[in-house]
Amino acid sequence: MNRSSDPNPFDEEEQEVNPFSKGNAAPGSKSRVPQFVSNTLGFGPKHDATVDIPLDSMNQDSKKKQKELADWEADIKRRERDIKRREDAVASAGVPADDRNWPPFFPIIHHDIANEIPVHAQRLQYLAFASWLGIVLCLVFNVIAVTVCWIRGGGVKIFFLSIIYALIGCPLSYVLWYRPLYRAMRTDSAFKFGWFFLCYLIHIGFCILAAIAPPIVFHGRSLTGILAAIDVFSDHVLVGIFYLVGFGLFCLESLLSLWVVQKVYMYFRGHK
C-alpha cells in the first residue's frame, strides 16, 4: 500500500475557502472572513479604542447643583416668612413700618424716592412731590394774605377759614393722594392708582375753585382768587397785591396738577 497519498491528520488545513459559497467550509474548518472584516473595520485587537465617559461624576455634579438650588430656594422662602412675620407683628402692634425722615430738620413723614421708587418713575414722583409742596405753599400763603386782609378790617371769620383750609388741606392732600401715589409707584398697585386719580381730581377742582374764589362763602375773601383780589384791590392796594400773588400761585398749582395727572395716567396705561 502506498501511504504517501493518505492525508496526514496532523497537518493544518490550508485549503482555500470561498466565503461567498455555501457548503464549502468544512464543519471543523476556521474561516478567515470574520477576522479580515474586523481588522478592516477597525475592531481588531490592535484597533480597539476605549471611550471613558464619567457618568458617575456627571450625575454627582448635577445632584450637587440640584441640592444647592434647593437649599438656596429654601433659604429665600425662610427669609420671606421671617419678613412677613415681622411685618405682621409691626402691623398688629400699630407701629408704622416706615420711619419718618422728611423734612430733615423736623421729620414728620417718610419720604425716600431715590431708594424706594423705581428709576424710571422717580422723575414723575418728584413732579408729584412738587405738586404737593405747591398746594402746601398755596395754603400757607393764603393764610398770610388773608391775615393781612383781616388786619386791614376784613373780618376775623375769613382768617379762621384760611387757618382751617391750611390745617386740613396740607395733611389731607398728603394722606389722600400723595401717599397713595407714592405707594402705588412702590408696589405697582392698581387700587392705589385708582384712589390717587379719584382724590387728585378733587384736589384739582379745589385749586381751580380757589383760583377763581367765587363769592359763595364770606364773599370769597377767605381764598386768594381773582374775584377776591378784584374785590379787595379797590379798598386796599397792599391787600390786593397779596391776593393777586395768591391767585397766581393757585393758577400755577392748577396747571401743574393737570400736567401731573396726565403724566401719571400715561404712565399707568403704559405700565399696565
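The values are calculated or read from the model by the stated rules, or taken from the named source; none is laboratory data. Note that the structure is a prediction, hence the values are computed from the model and not measured. Ideal geometry is used to build each Cβ from the backbone, glycine not excepted, and the neighbour counts take in all protein chains shown. Side chains included, ligands, DNA and RNA excluded: accessible areas come from the protein's heavy atoms. Shrake-Rupley method; radii C 1.70, N 1.55, O 1.52, S 1.80 Å.
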Of the residues that sit in segment 127-182 and are of a type in the set (Ser, Thr, Tyr) and within 31 Å of the chain's Cα centre (by Cα), which one is farthest from Val217 (Cα to Cα)?
-> Tyr182
State all residues of segment 181-208 that are open to solvent by 60 Å² or more (accessible area, probe 1.4 Å), in a helix (DSSP H, G or I) and modelled with pLDDT under 95; if no residue qualifies, say none.
-> Arg183, Arg186, Thr187, Phe191, Lys192
In segment 218-259, which residue that is of a type in the set (S, T, N, Q) and buried (at least 18 other Cβ atoms within 10 Å of the Cβ) is farthest from Ile163 (Cα to Cα)?
-> Ser257
Would you pick out the residues in segment 114-137 that are open to solvent by less than 40 Å² (accessible area, probe 1.4 Å) and either in contact (Cβ under 8 Å) with a residue 24 or more places away in the chain or touching a Gly at 6+ places or on another chain (Cβ under 6 Å) (or both)?
-> Ile117, Ala121, Leu124, Gln125, Leu127, Ala128, Phe129, Ser131, Trp132, Gly134, Ile135, Val136
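Residue-by-condition table, conditions (1) farther than 18 Å from Ile144 by Cα; (2) acidic (Asp, Glu); (3) touching a residue at least 40 places away in the same chain (Cβ under 8 Å):
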residue: Arg186; (1), (2), (3): yes, no, yes
residue: Trp195; (1), (2), (3): yes, no, no
residue: Tyr200; (1), (2), (3): yes, no, yes
residue: His203; (1), (2), (3): yes, no, yes
residue: Ala213; (1), (2), (3): no, no, no
residue: Gly220; (1), (2), (3): no, no, no
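One line per residue, one yes/no per condition, for (1) of a type outside the set (A, V, I, L, M); (2) farther than 15 Å from Val260 by Cβ; (3) in contact with a Gly (Cβ under 8 Å, 6 or more places away or on another chain):
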| site | (1), (2), (3) |
| --- | --- |
| Arg186 | yes, yes, no |
| Ser189 | yes, yes, no |
| Phe193 | yes, no, no |
| Cys199 | yes, no, no |
| His203 | yes, no, no |
| Ala213 | no, yes, yes |
| Val217 | no, yes, no |
| Thr224 | yes, yes, yes |
| Ala228 | no, yes, yes |
Within segment 215-239, restricting attention to residues that are of a type outside the set (A, V, I, L, M, F, W, C) and in contact with a helix residue (DSSP H, G or I) (Cβ under 6 Å, 6 or more places away or on another chain), which residue is modelled with the lowest pLDDT?
-> Gly220
